[in-house]
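Okay, structure first, notes after.
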Amino acid sequence: MRPIERFAPNLNSLAGESTLVYQEKAREVAARGVKVINFGIGQPDVPTPAVAREEAKLALDQGFTGYTSALGLEELRQAVADDLKERLGSDVRKEEVIITPGAKMSLFLAFAAFVAPGDEVLLFDPAFYSYAEVARLLGARPTYAKMRRESGKGFSIDLEDVQSKLSPKTKMIVLNNPSNPTAALLDKKEVEGLAQIAKERGILLLSDEIYDHFIYEGEMASSLDDSSWRDYVIYVNGFSKTFSMTGWRLGYVVADSSVIKKMGTLAANTYTCPNSFAQRGALGAFRAKGEVQQMVDLFKRRRDVIYGELSSLKGVSLDKPRATFYAFLEVTQVLKTTGWSAKQFSIKLIEEKGVVTIPGDVFPENVGRNYVRLSFALAEDKIREGTKRIAEFVRESLG
Ligand code: PMP
């Protein structure tokens, strides 16, 4: 065996970003001249607010291009703390914030700081795909508590199932609220119940709240609402979705200052610090509350369009997304009739109709297998055209 083939064992268990396969397929179809409608991409399609762009440009022109502190710019950490105070009423100090290169790196720091070989990490099924991958990379074992769907209401968590899936090895519970891919928004009772379990059992709660601005019905219940969050919560959020800054790579963790210090050490020894001028831009982004609200209003209208088009379609089933910019469409009847997996459904839909969706089976573990995820972060006319093609496809598949 050549030295370059001797990968670390845990790396071999790491799946690629499986959502990219569908984008690749879409490019092939587009090259044949088909006008592709892409419901696959999980990012807002609006520009980054002008104030953020201007601040970043100014920072560049001022020569603000060196390293920053591993923890990120003090002003930005303070701005994050102020924003959380304003939005959630939570008392957070800047010492309790670390700025990271994207929320994915925030999640990675949280896992790397706490999860060790032999540990179990409890995820909800279905979950954002990278939680399980990172847990396995660190030698831990993902376990799952099912999210339950009530027709008309959508997905919620089942606290009894959570209790039954915990073991003495469970180090961390990972919550994503609002949830990608289910579009669920947990209510106060669910979040408080989960917090109670975590505290009683001495387990960390990693709470990824990156979609918390994209709420159309109901209210955000945050893990930071509990005044004892410092004892057990690792909170993750970021700039990617809220401010349409996916490519800027900026996220943040809020946790007890002792945790943030450790994460700073991890940062200093790996990526050094987040991008300097992007951080200056992010400071500007906090002044763009109006633009954020406009985007959320726009997405709510699109949510209504996609829900209107797909909820009346025979053979599939969709609950109104209460949050995020995803519609999680149940296609069980089509899969049963055709014998396809959700992956095959998505591939055929691209090939035959030029419509990209993400099959639910990329979101572990089992629940997603009968679903496909559609991002509605695209123009209304495209949503209408895409859902029209999906309707044709479903009708043809059901025969
Ligand atoms: N968490 C969830 C639930 C996400 O959907 C995403 C992005 N798709 C991330 C984290 C990562 O965000 P970022 O681009 O800031 O790394």
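The values are calculated or read from the model by the stated rules, or taken from the named source; none is laboratory data. Predicted model, so just to flag it, every value in this text is computed and none were measured. Note: ideal-geometry Cβ built from the backbone for every residue, glycine included; neighbour counts use all protein chains shown.
Out of the residues in the stretch 132-148 meeting the condition of being touching a residue at least 60 places away in the same chain (Cβ under 8 Å) and outside any loop (DSSP other than H, G, I, E, B), tell me which one is farthest from residue 372 (Cα to Cα). Break it down into steps so the answer makes sense when it comes.
Pass one, the stretch 132-148, residues touching a residue at least 60 places away in the same chain (Cβ under 8 Å): 132-133, 136-139, 142, 144, 146-147.
So of that shortlist, the ones also outside any loop (DSSP other than H, G, I, E, B) come out as 132-133, 136-137, 142, 144, 146-147.
Numbers: 132: 19, 133: 20, 136: 25, 137: 26, 142: 22, 144: 20, 146: 17, 147: 16 Å.
Filtering the stretch 132-148 for residues that are touching a residue at least 60 places away in the same chain (Cβ under 8 Å) and outside any loop (DSSP other than H, G, I, E, B), the one farthest from residue 372 (Cα to Cα) comes out as 137.
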message: I'd like to know if the stretch 169-180 contains one or more residues that are away from the ligand (no atom under 16 Å from the Cβ), touching a residue at least 24 places away in the same chain (Cβ under 8 Å) and closer than 19 Å to residue 94 by Cα.
response: no
query: Based on what the data block shows, is residue 206 surrounded by 21 or more Cβ atoms within 10 Å (Cβ to Cβ) and closer than 25 Å to residue 330 by Cα?
result: no
statement: Inside the stretch 223-244, the number of residues satisfying the requirement of being more than 15 Å from the ligand (Cβ to nearest atom) and small (Gly, Ala, Ser) is 2
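Which one of 208, 256 is under 21 Å from residue 78 (Cα atoms), within 11 Å of the ligand (Cβ to nearest atom) and not hydroxyl-bearing (Ser, Thr, Tyr)?
Of the residues listed, the single one that is under 21 Å from residue 78 (Cα atoms), within 11 Å of the ligand (Cβ to nearest atom) and not hydroxyl-bearing (Ser, Thr, Tyr) is 208.
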message: Show the residue pairs meeting these rules: Cβ distance below 7 Å; 6+ apart or different chains; first residue within the stretch 55-69 and within 17 Å of residue 99 (Cβ to Cβ); second residue of a type in the set (Val, Ile, Thr).
response: 67/272
- prompt: For the stretch 27-43, what are the residues that are part of a loop (DSSP other than H, G, I, E, B) and either away from the ligand (no atom under 16 Å from the Cβ) or in the same structural domain as residue 284 (by TED's automatic domain parsing) (or both)?
  reply: 32, 33, 34, 35, 36
message: Only one of 72, 118 is buried (at least 16 other Cβ atoms within 10 Å of the Cβ), on the phi > 0 side of the Ramachandran plot, in contact (Cβ under 8 Å) with a residue 24 or more places away in the chain and part of a loop (DSSP other than H, G, I, E, B). Can you tell me which?
response: 72
task: Being in a strand (DSSP E or B) and loosely packed, with under 15 Cβ neighbours inside 10 Å is the filter here, so list the residues in the stretch 149-194 that pass it.
output: 150
